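Structure first, then comments.
FYI, it's all coordinate maths here, none of it is from the lab. This structure is a prediction, so every number in the text was calculated from the model and none was measured. We place every Cβ from the backbone using ideal geometry, glycine too, and count neighbours over all the protein chains shown.
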Amino acid sequence: MAVSGDVKFPHATLKCELCECFFNDEFAKNLHVKGRRHRLNYKKKYDPNLYVEPTKAMVRPSLPCCATHLYTFLFRKKRLRRRRNNAR
Ligand SMILES: [Zn+2]
């Protein structure tokens, strides 16, 4: 019996060729296609201009927990903006 390179996942009927992942049903696949990971892969392969929103981890710093942190949070943001303006 010939063994192909394809890995057959049990119960998985649908596959995303782009991300090499498998899905049990149409719903799961649709969810994946709308998801970030898929669009990131799409962006990498086909369309560098495609907008993919950053993850929460990438939008730093995360929301401050107290007044002191709120201050640093705002201050840092302002400083970043100023630095960006200077660069122009
Ligand atoms: Zn995909």
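What to note about this one:
- Candidate aspartates and glutamates for bridging to residue 43, where Cα separation is under 20 Å - those fewer than 8 sequence places away on the same chain excluded: 17, 20, 53
- Residue 21 long-range amide H proximity, modeled H, under 5 Å: 16
- Neighbour net charge for residue 16 - beta-carbon separation under 11 angstrom, K R +1, D E -1: +1
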